[in-house]
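Okay, structure first, notes after.
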Amino acid sequence: MLDERKLDVLRAIVTDYVSTQEPVGSKALVERHHLDVSPATIRNDMAALEDEGLLTQPHTSAGRIPTDKGYRLFVDRLATVKPLSGAERRAIATFMQGAVDVDDIVARTVRLLAQITRHVAIMQYPQATSTTVRHIELVDLTADRILVIVIRSTGRVDQRVVEMPGVDLDTLSTLSHWSNAMARDCQVGAAAQKLAHGLTSLAPDLQRAASALVATLVELLTADRSTQVAVGGVPNLARFGDQYDTMVRPVLEALEEQVVLLQLLGEAVHDASSGDVAVRIGHENPYVPLRSTSVVASSYTAGDDAWATLGVVGPTRMDYPSTMAAVRAVAQYVGRFLMEG
């Protein structure tokens, strides 16, 4: 059991190492943090912390740096996640205002989170089970092609070009009215089923024209966006060129794998309560190549039916209090904007 002074020494070493990126010595600790003990006492405390596996000495006669276990204790002993300032909260609200649909909200969120934390931001798309179809629009492009547009109650817009040779404007108008009569105000899954089953109710000549349309609408309506992840802030990795082989390259490789990113977010928030911030440090990450990184993540909700995750990936020497505060605040704002939308 560590006494409070040793915990203070650990906190000071974590803070200084994150700031300077250099091993921290006893003399520097006394001078910077005005600790009311001698450097010799601090050295003894540092040795005790090293024996506990909380610190390590990278080179003989060098200062100490935190281990994954040390960062974990530091994070666990944070009394509370510090709130953002009023100016920071207003900046987030301003940045999010004007978002037109879910895609825009997601894109703004990863940019915002990357800017605030200066790490790589990742966000899972929400999948709301009660989302309904607001409108279906069919636009004549050429003699053989139409543009199919599906607008959902969340504001999300999906579109696809479909080959429909020989369909005149009157037929297109008829199919437009029929598809909206079948699907409008229905939950997306039910709308897809009604369209598929309703195809046989059309006249034989319309069935032939509508088959490609219905197949496209069913595909658009049943696509599960919650398996997709948006990424922002990749250029922030340039700050860690000294860790290219151990951190930067593995992160870049992981960003190409949607499944890996979903696993990172999901594992991080698995044991956390809804809205809480979860932290996975170094070797706690399930994806072995990313065990020189930390993940700070939170879930966000849009009402009772939509749930997903967002967070950041960065080096283990990150500023945990500020990063945790930013992730929590952004998750709260995202949920609010989705519910208002």
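Points worth noting:
- Number of positions in the range 306-334 that are farther than 16 Å from T293 by Cβ and either of a type in the set (V, I, T) or without any contact (Cβ under 8 Å) to a residue 60 or more places away in the chain (or both): 5
- Test: S211 is closer than 30 Å to A107 by Cβ, among the polar types (S, T, N, Q) and more than 34 Å from the chain's Cα centre (by Cα): no
- Residue ranges of strands (runs of 3 or more DSSP E) in the range 85-156 with at least 3 members touching a residue at least 12 places away in the same chain (Cβ under 8 Å), of a type in the set (A, V, I, L, M) and open to solvent by 20 Å² or more (accessible area, probe 1.4 Å): 145-152
- Reported count of residues in the range 300-335, each being at pLDDT below 90, of a type outside the set (A, V, I, L, M) and open to solvent by 10 Å² or more (accessible area, probe 1.4 Å), is 7.
- Among the candidates L237, L220, L206, the residue that is buried (at least 21 other Cβ atoms within 10 Å of the Cβ) and either touching a residue at least 24 places away in the same chain (Cβ under 8 Å) or among the acidic types (D, E) (or both) is uniquely L237.
- Checked against (1) within 33 Å of the chain's Cα centre (by Cα); (2) open to solvent by 40 Å² or more (accessible area, probe 1.4 Å); (3) over 19 Å from V157 (Cα atoms), H197 meets all criteria but (1).
- Hits in the range 18-34 (condition: closer than 18 Å to K6 by Cβ, more than 38 Å from the chain's Cα centre (by Cα) and open to solvent by 40 Å² or more (accessible area, probe 1.4 Å)): K27, H34
- All positions within the range 1-15 that are closer than 17 Å to L78 by Cβ and assigned to a helix (DSSP H, G or I): E4, K6, L7, D8, V9, L10, R11, A12, I13, V14, T15
- Subset of the range 11-42 [closer than 16 Å to A62 by Cα and in contact (Cβ under 8 Å) with a residue 60 or more places away in the chain]: V14, Y17, Q21
- Residues being open to solvent by 30 Å² or more (accessible area, probe 1.4 Å) and in a helix (DSSP H, G or I) - total across the range 68-78: 5
- Residue that is nearest to the chain's Cα centre (by Cα), among those in the range 277-301 that are within 15 Å of M318 (Cα to Cα) and polar (S, T, N, Q): S294
- Residue tally, condition touching a helix residue (DSSP H, G or I) at 6+ places or on another chain (Cβ under 9 Å) and either in a loop (DSSP other than H, G, I, E, B) or among the small types (G, A, S) (or both), over the range 39-67: 8
The values are calculated or read from the model by the stated rules, or taken from the named source; none is laboratory data. All values derive from a computational prediction rather than experimental measurement. Here the Cβ is made from the backbone with ideal geometry for all residues, glycine too, and neighbour counts use every protein chain on show. Note: accessible area is taken over every heavy atom of the protein model, side chains too, but ligands, DNA and RNA are not part of it. Shrake-Rupley method; radii C 1.70, N 1.55, O 1.52, S 1.80 Å.
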